[in-house]
Amino acid sequence: MLPCFLLYLLPSLCISCLTFLPQGQLCPSACTCMDYHTIDCTDQGLSRLPSSFPLDVRKLLAANNNIQRIPSDFLLFYGDLVFLDLRNNSLVELEEGTFSTSSKLVFLDLSYNSLTRLEAGAFRAAAKLIKLSLGYNNLSDVDGAAFDTLEALQVLELNDNSLQRLDVAVLEALPALRTVRLEGNPWLCDCEFANLFLWIYENPNKLLKGVQEIHCSLEDRKVFLHELSEISFSECKFSLSLTDFLIIIFSGVVVLIAAIFSSFFLATTVHCFQRCAPNKEDDDEEEED
């Protein structure tokens, strides 16, 4: 039996042993540990993310594989991750809650995958994210609240996707944004594009490739943005959405009801005043007497 004092020292000894183990024993078999906090699994033909590596890994390189999903609890175990490179894989969607524990993530590259949609709050917990690369996917729908809380984001790449429209709220929610890529998308020159068009022309310095690289389609004709102006969308100022119509109708109903109640109150007040006020004829008779 071990002496009592050794029982107290055993946990510390185990931790010390793990610390000084050779790096090869800490790495997944298909990956290389460049240092204790950096793991390189690039070009290894992986179909899923490796899991048997140090919990305090900070940089994971897993580009050019066949990874099809990021487990929703992945960052729960690797919360110290700062740099995650998943370029050129087979990701189709981001599971809900995937980045709910990514509070330290600064760089995230998901380009060259097959993502089609970004839900509201997809990166909600990644408040320290500085660069987000989503180029060369199949994105056709980005929720207006997809990048909520990303107040530190400086670089956003949405280039070369399938976006025909983009809610300008997506960009307006990023106060630190310095660079954005929007080229390579099949934008439509309709009234829904008008707000994005105005944002682009108010922030040309943020477009990495410039306005010249962005075009939209109008009646099967490709139109480059430098050929357009605010006047091109002047008629859109008078177009109302279904929400606008509902607001107008609701406002009208409220005003009508208020007017009816006001009229009723006024009529009741006048009637009471007339009943309570002294009759002029009676006053005249009293004066004659």
Between Asn203 and Val106, the FRET efficiency computed from the C-beta separation at R0 = 25 Å comes out, to the nearest 0.05, as 0.60
Taking a crude spin-label model, label points 7 Å out from Cα along the C-beta direction, the His226 to Asp43 distance in nm is 3.8
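Each reported figure results from applying straightforward, stated rules to the coordinates on display, with no laboratory input. Being a predicted model, the structure only gives us computed values, none of them experimental. In this analysis, Cβ positions are derived from the backbone assuming ideal geometry, glycine residues included, and neighbour counts consider all displayed protein chains.
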